[in-house]
1. Please determine, by comparing only the residues of region 1-41 that are small (Gly, Ala, Ser) and open to solvent by 50 Å² or more (accessible area, probe 1.4 Å), which one is modelled with the lowest pLDDT.
2. Looking only at residues that are open to solvent by 60 Å² or more (accessible area, probe 1.4 Å) and assigned to a loop (DSSP other than H, G, I, E, B) in region 665-674, which one is nearest to Gly784 (Cα to Cα)?
3. Can you tell me which residues in region 757-790 are under 18 Å from Ala592 (Cβ atoms) and assigned to a strand (DSSP E or B)?
4. Residues of region 532-578 being among the β-branched types (Val, Ile, Thr) and within 21 Å of Ile5 (Cβ to Cβ), which ones?
5. Within region 678-711, can you find the residues that are touching a Gly at 6+ places or on another chain (Cβ under 9 Å) and surrounded by fewer than 12 Cβ atoms within 10 Å (Cβ to Cβ)?
6. Residue by residue through region 307-322, note down the ones that are surrounded by 16 or more Cβ atoms within 10 Å (Cβ to Cβ) and either among the aliphatic types (A, V, I, L, M) or within 30 Å of Ala226 (Cβ to Cβ) (or both).
7. What are the residue pairs meeting all of these: first residue in region 134-148, first residue touching a residue at least 12 places away in the same chain (Cβ under 8 Å) and open to solvent by 70 Å² or more (accessible area, probe 1.4 Å), second residue assigned to a loop (DSSP other than H, G, I, E, B) and of a type in the set (Ser, Thr, Tyr), Cβ atoms under 9 Å, and 6 or more apart or on different chains?
8. Under the condition of being over 30 Å from Trp390 (Cα atoms) and touching a Leu at 6+ places or on another chain (Cβ under 6 Å), which residue from region 314-344 is modelled with the lowest pLDDT?
Amino acid sequence: MSAKINKLLMAGFRGATSQVEVAFEPSKAVTLIFGENGTGKSTIADAFDFVCNRSCGSLENYSLGEPPRRHVASLGCEPSDVKVTITSGVQTWFASLGGNGPVVYPQNSCPDARILRRRKILDLIETQPKQRFEALKTYITVPNIEKSENALRDACNETEKSFNEASRALGQAKDELEKLWTAENKPCNDAIGWAALESQKDTSKLQANIAEVDKLILAFQNAETALSSLDKAEADEKKALEELVAAEAKLKEAESRQTQQNAELLSLLREAKTYIDKRVTLTQCPVCERKDIDSAKLLKRLGERIDEMAELDSLVSNTKTKKRQTESKKSVADQARKDFCQKTKTLAILLKSCALAEVKGQNLEWDNFNTLLSEQEPSDTVEQQARQFWKTMSELRQPLKNRKEIDQKSLIQHNAIKGQLETLQEKIVQATSQEDLLAKLQLALKIVSKERKDYVENILDSISVEVERLYAKLHPREDIGKIRFYLKPNAIGSLEFDAQFHNASALPPQAYYSESHLDTLGICVFLALAKHFKTERTIVVLDDVLTSVDGPHLERFMTLLHEEAEHFNQMIVTTHYRLWRDRYRWAKGSTANTQIIELGPWTLQNGLYVGEFMTAIAELEKIIGQPNFNRESAASKAGVILESLLDFITLKYRCAIPRNARNEYTLGDLASGVDSKLAKELRTRKPVVAAGQKLEIQLKPLINAATASQWIRNCVGCHFNLLGSEVPDVDVRSFCQNVMDLSSNLICAFCETLPTRRPSGSYWQCKCGELELYPLIYPGADPGTVDDEA
C-alpha cells in the first residue's frame, strides 16, 4: 500500500486566497472535513483534482463561457500565484497553473484520486441514458475502444459502399457487353465468351492501315494546298507583269513627248542636286570644272528643272514600283511552284509504295511520272507532270477516307469489347474482394462489439452486485434495492438502470425513490466503481454529497464508509451536515479511526480557516485542566454532556420519563428515568488496556454522583444566580469530574464511541467491541422492544 497523504498546501488557488495547510492523520482511515456552506470544502476537493487528475475540478462542471483555468486563481491573484502541493510520506507533488491547465511535477506516481461531487450524482441518477454512459465511460470502457469500434464500423460502411459500387459497375459492364454482342447478332454461345475471342484479335494491321491512310490524306491536303498557292501566285505574277508593261508604255510615251526630258536626265539632275546640297560651300563645278559658281543659285535652278519634270518623275517612280512588285510575285510563284512539285512528289512516292487495295486499284502508269519522281529542282516538265498526277489521283481521297472510317469503326468496336471485358473482369475481382473483406470486417465488428458489450456488461453486473450490497447496508428491510445496470440493446453508449420498489421490480428508481435514497444510490455506485478499479494509490474524496438524512441512515452511512475505507489507500469526506459532525462530538461516531477537520468562516483576506475539532469530553477536559478555568463554561459543558449520556441510556432502555408538551426533559427527569430495577442491572465491562481482561463497573453510583451536583450546572453554568457565586471552584471541578467518570465508563477509551452495536442477545458494545453495556433491554421488557442497532 502506498503512503497516505499527510499534508495539502494551497496558495492563490480557488478559495485559498492566502497560503493554508491542511494536515491529515495517515493512521486514520477516514478524514471528515466539516464546514458550513462557503467555508472552502470544495476548494480542498478541487486541490486533489488539480494535482492528481490535472483537472480544474468543480469548475469543469459548469458552462463558464471561457476555459475553467481562467478561474482557478483566487480573486486578486495571478495565475502565476497558484500553488498546490500534496505530500505523501517522503514524496511531494507540486502543481502550478500553466497556459493549458495544471502542470504537475513530478508527473509519475501521483495519487489516484476518485472524486465524487453532488453534480456527478445527478449525472449518474437523473440524466438521460447517453449522458449517464458518458459519466461512467472512463470507468466501464476500455480506453479508445469506442473509437476503434466506430472506425471498424466506418470501415464496414465504406467497404459495403465500395462493394455496392463494384456490383453496380459489374452489372453495367455486363449490360454494355450484351448490347455489343446483340449488335453483332450474338455470335458464340454467350457475350463473355465472344468478347474474350474478339479481344484476342490482332489489331496491329488495322492500326497500320489507319496510320498509312492518315499519312496519305495529309499528303493530299499538303499537295492541294500547295497547288492552290501556286495557282494564286501565278495569277498574281501575271497581273503584276501586265501592270509593269503598262507602266513602261506610259513612261515611253511621256519621254517621246519631251525629247529634252527623259528618265535618265531626271535621275542625273536629282543626283547632282543631292551632291551639291551636301556641299554648300562648293565654288567649282565637279563636271566642267568651271570656277566661281554660286552653289545656291545652282541648287535653285536644279530644283526648278526637277519640278518641271514632275510628271515624268511620277511615271518613273511608278514603273520602278511595278518592277519590284513583278519581281516579288515571280519569286513567290517560283517558291510556290517548287512547293507544289515537292508536295506532289511526296504524295506520289507514298502512293507508289502503298499496298492498300484502293491505291493498287488505280492501275497508274508510273512511267509517265518519272521526271516528277526523279528531278530535284522544279521545271516546266516537272510542274506539268505534277499537275497531271494531281488531276489523275485527286479522286482517290474519298475512297481512302471511307477505308479509314471502316477500319476505325472496327478498331473502336474491338477496343470497346476489350474495355468492357476488362472492366467486367476487374469489377468481378473487385466485387469478390470487397465482398470477402466486408464479410471479414462485419465478423470483426461483431466480435469487437460483442466483446466490448460483454466486458461492459460483466463490469456492470459486478458493479450491480456491489451496489446492491452497499445499498442493502444503508437501507435494510426497506423493500428497495435490487439495482441493475445494463446497456440498452441495439444502442451505442446508452446506460440504463432499474431497481425494486416493494413487490415491483425493474422500475426506474427516479420515479419511486426519495431524494435521499437517490443520493445514497449515487454514492453506492461511485464507491462500487472506485473499488472495482482501485489501485494501491487510490484515494476517495466525497465532496459534500450527503444533503440530509435521518439519524439511523446517517449511522449506517458512517459505518459503511469505515468499512469501505479498508479497500482504499485513503478516504476523505467533506460535509456541511452538522448532525454528522456532532455524532462524533457526542461519541456516537468513532474518532479513533476518523480524523475530524473543522473549517471556520472564510474571508477574502485570509481565505480558508482550518480550526481544531474536539469532542465534548475533550473540550471539558481542556477547560478544567487550566489553572484559572472558566467555571461557567465548565459547568455548562458538563451539564450538556451529562444530559447527552442520560438521554442515551433512557432511550436505549426506553425508560419511563414524565411526558411534556415540548418533549424536552431536564436533567432531573432524565436521572429519574434510571429506576432501581434498571439500576441493579446497568453496568459496563471494559479492559484497562486493549484486549485485556474486562472489569465490571456499576453505572448507577456514577449516575448518582454526577446528578447529585446537577444544581451546579443550573446555578453556575446556565442562569444568573447569586447562589452560583457561593459555589467554590472545587465543587464545580468535582461536578465536572463526576460527569467525566460516568463518560469514561460509558464511552470506549479506544474507539471513543458509545455502545450502540448488538453483537449478542445480552449486551450492547462499542464499535471496537472492547466496552460492553448490560443489559440488552430493560429488565422484564418484551425482547421485541429492543432498541435499533446503530
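The values are calculated or read from the model by the stated rules, or taken from the named source; none is laboratory data. Note that the structure is predicted; figures quoted are calculated from it, not measured. Neighbour counts are summed over all protein chains in view; Cβ atoms, including those assigned to glycine, are modelled from backbone coordinates with ideal geometry. Remember, those area values only see protein heavy atoms, side chains included, never the ligands or the DNA or RNA. Shrake-Rupley method; radii C 1.70, N 1.55, O 1.52, S 1.80 Å.
1. Ranking the qualifying residues of region 1-41, first place goes to Ala3.
2. Tyr665
3. Matches in region 757-790: Arg757, Trp764, Gln765, Glu772, Leu773.
4. Of everything in region 532-578, those that are among the β-branched types (Val, Ile, Thr) and within 21 Å of Ile5 (Cβ to Cβ) turn out to be Thr535, Thr538, Ile539, Val540, Val541, Val545, Ile572, Val573, Thr574, Thr575.
5. Answer for region 678-711, where residues must be touching a Gly at 6+ places or on another chain (Cβ under 9 Å) and surrounded by fewer than 12 Cβ atoms within 10 Å (Cβ to Cβ): there is none.
6. Met309, Leu312, Leu315, Val316, Lys322
7. That search, which allows pairs on different chains as well, returns Glu134/Thr127.
8. Only one residue fits best here, namely Leu315.
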